[in-house]
Amino acid sequence: MNSHGTTNTSPNTSPNTSPNNSSQLMAITPRPSNVMVRGFGSYLWDAGGARYLDFIQGWAVNSLGHAAPEIVSALTDQASTLISPSPALHNLPQLELADLLIRNSEFAQVHFLNSGAEANEAAVKLARKWGQQHKPGAVDIITTHNAFHGRTLAMMSASGKPGWGQMYPPMPAGFRHVPFGDIASLQAVVGPDTLAIMVEPIQGEAGVVVPPPNYLRELRELADANNALLIFDEVQTGIGRTGKLYAHQHHGVVPDIMTLGKGIGGGVPLAAVMAVESACCFEYGNQGGTYNGNPLMTAVGKAVVETIVAPGFLQAVQQREVQLRSGLEDLAQRYQWLEVRGQGLLYAVRLPTATSAEISDRAFRNGLLVNPAQPDVLRFMPSLRVSLSEVREMLERLEASL
Ligand SMILES: Cc1ncc(COP(=O)(O)O)c(C=O)c1O
């Protein structure tokens, strides 16, 4: 018996977990009827007591796992101290988190927000403001096919998901799309009208698509040669997910603007836009939001980032990557999977057929959460604290679900 749960592991057929009022929720995504009631570390439990090994972690959000003690203390301490002074007043956690992020990066300033989409909107606003001052008339932001930058109207336009650019017309303009990882097609469109190039260092929602090794460096060169800004959306790849604090640090390339979300909040709504000094051009009134920099969220962000930059943490992520990769490669060889790809603890496998939803449904019934990112792609994004035995358990449950 685990001190935080039951030993009821599989198969997961827990009874009476379906709330009869779920039809009161707007239909935005299909969900299994099970109701999740508790989480700890790499595990989730539903109302029937069934336990799930969680390799989705709220879509790469719970960087320290469920109910991480640091996060629980930060939330409870801060909740009893100060929750919402006002975005127009300073608060300590916001100042401390800003200092921590800036000391551990090449950026000069940060602004906190509540979601990845909102951070990307702020990045676009910052770029447009910079353009008004430094490249008047240039408004094009070049993004990539199959990119995912969020679900606000502008970020749906910016994203390269098929169909999104027309879903809710009229859609905001100013975005052009080129194939991801293909520098030649970018070279063909970049020019005097280009304000910025905006990419994910690894495309997450597209199915963990890793670009060619020199791609980020070539993007930097192309942006510089065209007096355009380089924006990295590190909402999914940032805060240790790829084994370094930020994914771009693997490449020795610094963007002008970077966005963070997901993992920085460890499960609470927190996001950030950061920029190098030359791109920090917001003036009073240009940007804001009721909850921006809220101390309850930034206290959690501080606890998360302090944990991740502590000596040894990222080395452990890198070690676990080796074990995850080799386990997935072993399965890939035995089941004729086409590819194992990723970095750090953001991984995917490409299957020979469009069976990822079937496999993830079976895995769910076998007490394992994995994400069918694409019809033929399964994605793995465990807690950055996942243990070797949890990686082994995942591989066993996955194999049992094939
Ligand atoms: C790379 C990237 N950018 C932006 C977002 C949007 O973040 P949010 O859902 O917090 O708005 C996501 C979410 O999956 C993402 O993966």
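The values are calculated or read from the model by the stated rules, or taken from the named source; none is laboratory data. Nothing here was measured: the structure is a model prediction, and the numbers come from that model. Reconstructed Cβ throughout: ideal geometry from the backbone, glycine too, with neighbour counts over all protein chains shown. Each accessible area value is taken on the protein alone, full model and side chains, heavy atoms only, with ligands, DNA and RNA left out. Shrake-Rupley method; radii C 1.70, N 1.55, O 1.52, S 1.80 Å.
Scan segment 241-261 for residues that are of a type in the set (Asp, Glu) and either within 19 Å of GLY150 (Cβ to Cβ) or without any contact (Cβ under 8 Å) to a residue 12 or more places away in the chain (or both) and report the count.
Counting residues in segment 241-261 that are of a type in the set (Asp, Glu) and either within 19 Å of GLY150 (Cβ to Cβ) or without any contact (Cβ under 8 Å) to a residue 12 or more places away in the chain (or both) gives 0.
Condition first: farther than 23 Å from SER115 by Cβ and in contact (Cβ under 8 Å) with a residue 12 or more places away in the chain. Can you find one or more residues in segment 146-161 that meet it?
For segment 146-161, residues farther than 23 Å from SER115 by Cβ and in contact (Cβ under 8 Å) with a residue 12 or more places away in the chain: absent.
Using the structure shown, decide if LYS135 is at pLDDT 95 or above, under 22 Å from ALA228 (Cβ atoms), surrounded by fewer than 23 Cβ atoms within 10 Å (Cβ to Cβ) and within 16 Å of the ligand (Cβ to nearest atom).
no
Among the residues of segment 45-66, what is the count of those that are over 22 Å from GLN236 (Cβ atoms) and not acidic (Asp, Glu)? Quick ask: steps written out before the conclusion?
As a first pass, look at segment 45-66 and keep what is over 22 Å from GLN236 (Cβ atoms): 45-51.
Narrowing further to those that are not acidic (Asp, Glu): 45, 47-51.
Qualifying residue count, segment 45-66: 6.
For segment 142-151, indicate whether the set of residues that are within 12 Å of the ligand (Cβ to nearest atom), under 22 Å from the mean Cα position of the chain (by Cα) and surrounded by fewer than 17 Cβ atoms within 10 Å (Cβ to Cβ) is non-empty.
yes
Looking only at segment 179-209, how many residues end up being under 25 Å from ALA60 (Cβ atoms), aliphatic (A, V, I, L, M) and either modelled with pLDDT under 95 or away from the ligand (no atom under 14 Å from the Cβ) (or both)?
Looking only at that region, the number is 2.
I'd like to verify a number: residues in segment 173-194 that are more than 19 Å from PRO136 (Cα to Cα) and surrounded by 14 or more Cβ atoms within 10 Å (Cβ to Cβ), how many?
The first filter runs over segment 173-194 and keeps only residues more than 19 Å from PRO136 (Cα to Cα), leaving 177-188.
With surrounded by 14 or more Cβ atoms within 10 Å (Cβ to Cβ) added as a condition, the list becomes 177-178, 180-183, 185-187.
The qualifying residues number 9.
Which of the residues spanning segment 259-280 are within 16 Å of the ligand (Cβ to nearest atom) and over 24 Å from PHE40 (Cβ atoms)?
Residues satisfying the conditions are THR259, LEU260, ALA271, ALA272, VAL273, MET274.
Within segment 210-240, restricting attention to residues that are away from the ligand (no atom under 16 Å from the Cβ) and surrounded by 24 or more Cβ atoms within 10 Å (Cβ to Cβ), which residue is nearest to ALA147 (Cα to Cα)?
This residue is LEU229.
Scan segment 241-258 and tell me whether some residue there is over 14 Å from the mean Cα position of the chain (by Cα), among the charged types (D, E, K, R) and within 13 Å of the ligand (Cβ to nearest atom).
No; the residues of segment 241-258 include none that is over 14 Å from the mean Cα position of the chain (by Cα), among the charged types (D, E, K, R) and within 13 Å of the ligand (Cβ to nearest atom).
Quick one: what pairs do we get from segment 262-291, first residue among the hydroxyl-bearing types (Ser, Thr, Tyr), second within 12 Å of the ligand (Cβ to nearest atom), C-beta under 7 Å, 6+ apart or different chains?
TYR291/ASN114
Tell me the strands (runs of 3 or more DSSP E) entirely within segment 36-123 that contain at least 3 residues that are in the same structural domain as MET156 (by TED's automatic domain parsing), open to solvent by less than 40 Å² (accessible area, probe 1.4 Å) and more than 30 Å from LEU388 (Cα to Cα).
Counting at least 3 such residues, we get 109-113.
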